[in-house]
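Structure record follows, encoded as structure tokens.
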């Protein structure tokens, strides 16, 4: 069962990776051949995270494993981390984001009917919810970062 | 990915070909920016991609099957994105540790949503729905919390679902637009906004930090590292902040504010 899962994850990650590399090429002019090693590293990190999530019987999200493994393999103290950083720097973050939101747009079409039913009051309050957390966090971060002398 | 994996989604070539085409078109258009007063509005390819995807859903090009199959691809894309964020955080780990106090404390900034949105919700005449709406940014863990505590068909449950739907459909666009605008408009440092971008939603964090990067390209790695670290922190601590601080605070403020108004109407 795990093997079948790994196969499905790998195929989907490769498809997603190819689409991102094309976007990476079109907008950021990084030819796919120089970005492929970095993409392979990222795909392996994801697979490692999914597998850990699958075999470790605690409720810890796979995305958290993935981020932690990504940090671990690129820390200055990790042997070979320069290569990981060098290769993955050829894959632009925003080139990964564009296909995510393209798939998201196609998927949220199904929520559109619910969205249309929301009244104007909801739209006002929901906008303030997002604005409130964003400004609140930025203000606190600003104060603490200034007190620490980081900015 | 959660416990159940669906198989064979890679075979949906129609879906992947459409997304590839959308990516090529939107990345070829590139980023646009224009000034609104002293601030800058940034339009990034990912925002066009979201809107084109949504429009395509209503054309015969996308069938119900493609829309359903797109969902796991979002999860995988976010996984790749987090791997990328991980390898950006890694080399800047010493910086992140140095900024640890700010990162931890700004998590409490999420309470700003209560202070800003709850009074307006009550002023607009919204009843107990306001508690579900304003106690948090209403991502999946918070929807679960409210459903668990008040029940699915309760007013609080309807409130949290309304904000959840808004965030799902419009959150990334909204965060992308206000992040770039506020960071160029206000005197606050871009890195403070970078930390604020991590509100516990991958797509909103990406849209917000993406427009910060487009506005301040020389700070790119630091912005992404801080936003990513903050988002991880929000994912792991957010629910506890909600349970122990945000939700009790919202309840309390709701009682105080509606109580005072009731007294006034009696007078």
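The values are calculated or read from the model by the stated rules, or taken from the named source; none is laboratory data. From a predicted model like this one, the values you see are computed outputs, not experimental measurements. Positions of Cβ are backbone-derived with ideal geometry, glycine not excepted, and every protein chain shown enters the neighbour counts.
Tabulated values for the structure
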{"item": "Given (1) in a helix (DSSP H, G or I); (2) over 17 Å from residue B:86 (Cβ atoms); (3) at pLDDT 95 or above, index of the condition residue A:42 fails", "result": "(2)"}
{"item": "Leading residue by the ranking (modelled with the lowest pLDDT) among those in the stretch B:228-242 that are more than 9 Å from every other protein chain (Cβ to nearest Cβ) and surrounded by fewer than 16 Cβ atoms within 10 Å (Cβ to Cβ)", "result": "B:237"}
{"item": "Residues located in the stretch B:48-69, provided they are at the interface with chain A (Cβ under 7 Å from one of its Cβ atoms) and under 15 Å from residue A:97 (Cβ atoms)", "result": "B:49, B:50, B:51, B:52, B:53"}
{"item": "Of the criteria (1) buried (at least 17 other Cβ atoms within 10 Å of the Cβ); (2) within 7 Å of another protein chain (Cβ to nearest Cβ), which one residue A:110 fails", "result": "(1)"}
{"item": "Yes/no for residue A:136 being surrounded by 24 or more Cβ atoms within 10 Å (Cβ to Cβ), without any contact (Cβ under 8 Å) to a residue 60 or more places away in the chain and either outside any helix (DSSP H, G or I) or within 7 Å of chain B (Cβ to nearest Cβ) (or both)", "result": "no"}
{"item": "Qualifying position, being at pLDDT below 95, crowded, with 17+ Cβ neighbours inside 10 Å and out of contact with any helix residue (DSSP H, G or I) (no Cβ under 8 Å at 6 or more places or on another chain), among B:47, B:82, B:43", "result": "B:43"}
{"item": "Residues within the stretch A:73-101 that are within 14 Å of the chain's Cα centre (by Cα) and facing chain B (nearest Cβ under 7 Å), tallied", "result": "10"}
{"item": "Test: residue in the stretch A:71-88 that is under 22 Å from residue B:45 (Cα atoms) and not in a helix (DSSP H, G or I)", "result": "no"}
{"item": "Residue A:65, sole failed condition from (1) more than 7 Å from chain B (Cβ to nearest Cβ); (2) under 23 Å from residue B:205 (Cα atoms); (3) modelled with pLDDT of 95 or more; (4) in a helix (DSSP H, G or I)", "result": "(3)"}
{"item": "Subset of the stretch B:73-93 (residues that are within 15 Å of residue A:15 (Cβ to Cβ) and more than 7 Å from every other protein chain (Cβ to nearest Cβ))", "result": "B:75"}
{"item": "Subset of the stretch A:50-60 (residues that are more than 7 Å from chain B (Cβ to nearest Cβ) and touching a helix residue (DSSP H, G or I) at 6+ places or on another chain (Cβ under 8 Å))", "result": "A:51, A:52, A:53, A:54, A:55, A:60"}
{"item": "Helices (runs of 4 or more DSSP H) (entirely within the stretch B:116-227) containing at least 1 residues that are more than 10 Å from chain A (Cβ to nearest Cβ)", "result": "B:129-134, B:140-150, B:155-185, B:202-215"}
